[in-house]
Structure formats: C-alpha cells, structure tokens
Amino acid sequence: MLPATAQVNHLCSDSADCLPDVLRLLSFNIQVGINTQRYHHYLTKSWQHLFPHAGRHLTLSQIGRLLNNFDLVALQEVDGGSLRSGYVNQVEHLAREGQFRYWYQQLNRNLGRFAQHSNGLLSRFAPLVLEDHKLPGFMPGRGAIFTRFGEGDDAMLVVMMHLALSTRARASQLAYIRERIADYRHVVLMGDMNTHAEDLLEHSPLRGSALHTAELPGTFPSWKPARALDHILLTPSLTIEQVDVLPQAISDHLPVSMHIRLPDGLRGQRRTGN
C-alpha cells in the first residue's frame, strides 16, 4: 500500500462543500477507448491496443459526456499516456471532459511508451484519504484504489478495483480487500470483478461480510450482454436508490450506475482540499 494524492482539475469550477444526500456512482471498463462491437473486433481491432487510432478520441468524448451525470466514477482499463493513446492520460482527459475536480491514475502495468495499464478515480468531492494498493496474484498488474470520505464512525471507504480472471487469484485479492474493509461500517466496492455477484457474495472471501447489491442484467459483452462481471457492492448502512446497466455500447463492457443514499452523519461531512 502507498499513500496517494488526488490530482486537482483546476479547469473545473465545482465548489460543492458537502457530500450530497444521494451519491451517484458509476463503474466502467472503457477498454482504453476501443469501441468493440463484435467478437471478431478483438482480432481486427487488436492493433489499437498497441497503436493510436483516430476514433479513440471520439469514443473518449462519448464516455466523457456519460460521466458528466455522476459524482464518483471507477474506471478500469484506462491508459495513463502512451503511444497507443496518443500520449494522452485518459484519466486526466476524462476528468476534464466530465468536469470532475479530483482524479487519480493507478498505474498497474508499466510497459513504458507502449502501454500504461491503469485504473482511474474521478470524484467531485475531495477524498480525505487515498491509497494505492497492489493486489496479490500469480502475475503482477492488478490493483485497487482505496479512498475515504468523512471521519470517525461515519467515514465511508470506497474501493475501486479490477480483479483477476482466475478464481484462485481473485480469491486471494478479495481476501486482501476483506481484511482491509473490516473496520468500516460504510463500505462501497466497485469495479470489473470478472465474476457474477452470487459468486462474490456466496463463494468468495466476501461471504459473510453483509455486503449486498441489486440483481443486474449482463454487462459483458456489450453488444450481447450475457455475463454480469461489473458490480457495485454496499454495506447494509448504505441504501440503493437507483441502479442500472446503461445501454452505452462504447466498450466491450457496459457501465453500471448506482445512486446510493448516504447516512445523516456522512452527509454532514464537509469536503477537504482545494
């Protein structure tokens, strides 16, 4: 774990002082801005994972317009600024497109000028604590962003992640996360978890944690969603007001949105930062 600092988007004039009654969350695996619409695109568009493409900027603009409707966003499969993204830090770019004041890029696989595999955090409110965690696994390159809003018993911990494909590695990663969320009453886990909610809540180290979520339709593949791989999980203290899988087929995953009602003590907490 490394302490981290959210970057400030000085072009954003957002000046809200307190967390809202209802917080609007979004989790989205954007596949580095590649607009995959069919299985054969994994082959025909595979070069876009290595080289820049003119259509990527248009896809990022579409994503930015979508993000503008949310308060706190977890991004997976974003590029931190390499050849394939035209040396654009996609987290910073989307913070500007969506008018988010705070952003953080978690670099998980550094392939130099060829690829900067990352997770991203976008927030309209300043985190009180931000930590960069490298998750355990057989192969390095998976991470989670831990961010805290509020203080004391009313603090809310939000963990943003992209979990491994293998069951064994995923279990190791979830055990790591379970241990670190144990002392918090208000917890949100969000991201591409590469498995179904039932597996997470009933057959993983999260079993018995009291985390819950709403039943959702598939999020992958975006053109014919059959598997629900993207999730937002909550502790019982947080109430779901609205939840959707958004029909925005601009990646190979569909984004998941959730509006949650915050407890009274947390809503009264003022944000900190610039």
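The values are calculated or read from the model by the stated rules, or taken from the named source; none is laboratory data. Remember, predicted model here, so these are calculated numbers, not experimental data. Positions of Cβ are backbone-derived with ideal geometry, glycine not excepted, and every protein chain shown enters the neighbour counts. What goes into the accessible areas is simple: the full protein's heavy atoms, side chains included, and nothing from ligands, DNA or RNA. Shrake-Rupley method; radii C 1.70, N 1.55, O 1.52, S 1.80 Å.
When the alpha carbon coordinates of segment 145-218 are projected onto the principal axes, the ranges are 35, 25, 21 Å, largest first. For the chain, the solvent-accessible area of protein heavy atoms averages 44 Å² per residue (probe radius 1.4 Å; ligands and nucleic acids excluded).
Round to a whole number: what % of the accessible area of segment 130-274 belongs to carbon and sulfur, probe 1.4 Å? Summing carbon and sulfur atoms, their accessible area is 47 percent of the total for segment 130-274. Restricting the calculation to Cα atoms, the chain yields a radius of gyration followed by a Dmax of 17.4, 52 Å. In whole percents, the pair-distance distribution calculated for segment 92-250 from its alpha-carbon pairs, binned every 10 Å from zero, is 10, 36, 41, 13, 1. From the square roots a ≥ b ≥ c of the eigenvalues of the alpha-carbon gyration tensor of segment 102-164, which class results: rounded (a/c under 1.5), prolate (a/b over b/c), or oblate? Oblate. 3J(HN,Hα) couplings calculated from phi for segment 155-166 with the Karplus curve 6.51 cos²θ - 1.76 cosθ + 1.60 (θ = phi - 60°) are, in sequence order, 5, 10, 9, 10, 10, 10, 8, 9, 7, 6, 6, 7 Hz; Gly and Pro show x. The magnitude of the dipole of the chain, with charges of +1 and -1 set on the Cβ of Lys/Arg and Asp/Glu and taken from the Cα centre, is near 800 debye.
Largest GNM mean-square fluctuation across R101, R170, R207, computed for the chain with C-alpha springs under 10 Å, falls on R207. Once a ≥ b ≥ c are taken as the square roots of the eigenvalues of the Cα gyration tensor of segment 158-274, is the result rounded (a/c under 1.5), prolate (a/b larger than b/c) or oblate (a/b not larger than b/c)? Oblate. Shape of segment 66-110 from the C-alpha gyration tensor: prolate (a/c of 1.5 or more and a/b above b/c, with a ≥ b ≥ c the square roots of its eigenvalues).
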